[in-house]
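Colleague: Starting off with a structure, shown below.
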Amino acid sequence: MFMDTPAVKLFMKIPFSPPFIDQEIIDEVTDTLNSGWITSGPKVQMLELLMKEYTSLPECVCVNSWTSGAQLVLKWWGVKPGDEVIVPAYTYAATALVVLRAGATPVMVDVNEQFVIDPLQLKKAITSRTKAIICVDFAGWPCDYDAIRTIAGGGCCALIGCNI
């Protein structure tokens, strides 16, 4: 197995984001696989119902990934060709790709020492064509949402967050 090779063992001293999988999780996965439903089944419907109750929102829809969810949010906010969406320069490719998929232009903004979007650089990047800002928390370090909300507080654009 690749992970057991001497070269990998030499460099893999600290595990990155090890999963927590206990017997309860294994039982849930097995139950789901045995149910005949892999997607859109009763467990997804239950999750949507629980999220709807938890958030007090009128509806809730589960999607397969952050990318799919971000595409829906950009469409919901009316992002279209000619619009700009600000994204951090240090992020996963999907952050900018969902903007391109919407037909808009991703505007990359530099990050600060914590590798999250720099509010000072963000403020300089906002134009009359800015429709949304996608903030990306990095490795558990959140963006400065107070500063970002203040900057975007004039209603210039939507604020979307994610975590990598």
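The values are calculated or read from the model by the stated rules, or taken from the named source; none is laboratory data. Model, not experiment: these values are computed from the prediction. Backbone-built Cβ (ideal geometry, glycine too); neighbour counts: all protein chains shown. Keep in mind that these areas ignore ligands, DNA and RNA; they rest on the heavy atoms of the full protein, side chains included. Shrake-Rupley method; radii C 1.70, N 1.55, O 1.52, S 1.80 Å.
Colleague: Solvent-accessible area of Thr95, probe 1.4 Å, all protein chains present, reported in Å² to the nearest ten, please.
Modeller: Probe radius 1.4 Å; accessible area of Thr95 about 0 Å².
Colleague: Heavy atoms of the protein only, probe of 1.4 Å, neighbouring chains included. What is the accessible area of Arg149 in Å², nearest 10?
Modeller: Estimated to the nearest 10 Å², Arg149 gives 130 Å².
Colleague: Here's another thing I want to ask about it. Select from Pro88, Ala102, Ser56 the residue farthest towards the positive end of the dipole of region 50-137; place +1 on Cβ of Lys and Arg, -1 on Cβ of Asp and Glu, and compute about the Cα centre.
Modeller: Ala102
Colleague: Right, next: Quote the accessible area belonging to Val111 in square angstrom, nearest 10, computed with a 1.4 Å probe and with ligands, DNA and RNA left uncounted.
Modeller: Val111 exposes around 30 Å² with every protein chain in place.
Colleague: In region 66-106, whose amide N lies under 15 Å from the spot 7 Å out along Cα-to-Cβ of Leu57? List them in ranges.
Modeller: Correct set: 66-78.
Colleague: Mind putting together the pair-distance distribution for region 75-156? All Cα pairs, 5 Å bins, whole percent per bin, short to long.
Modeller: Computed distribution, short to long bins: 3, 17, 28, 25, 19, 7, 1.
Colleague: Okay, next question. I'd like the distance separating the alpha-carbon centroids of region 106-144 and region 51-82, in whole Å.
Modeller: 20
Colleague: In addition: In nm², what is the average projected area of the convex hull enclosing the Cα atoms of region 18-76? Don't skip to the end; give the middle numbers.
Modeller: Numbers: hull surface 22.0 nm².
The Cα convex hull of region 18-76, projected and averaged over all directions, gives 5.5 nm².
Colleague: Using a 1.4 angstrom probe with every protein chain in place, what is the largest-first accessible-area order of Glu28, Glu59?
Modeller: Working: Glu28 95, Glu59 130 Å².
Most to least solvent-accessible, the answer reads Glu59, Glu28.
Colleague: Here's a follow-up. Mind pulling the per residue volume of the convex hull built on the Cα atoms of region 14-154? Å³ is fine.
Modeller: On the way: hull volume 22.0 nm³, N = 141.
Hull volume over Cα atoms, normalised by residue count, gives 156 Å³.
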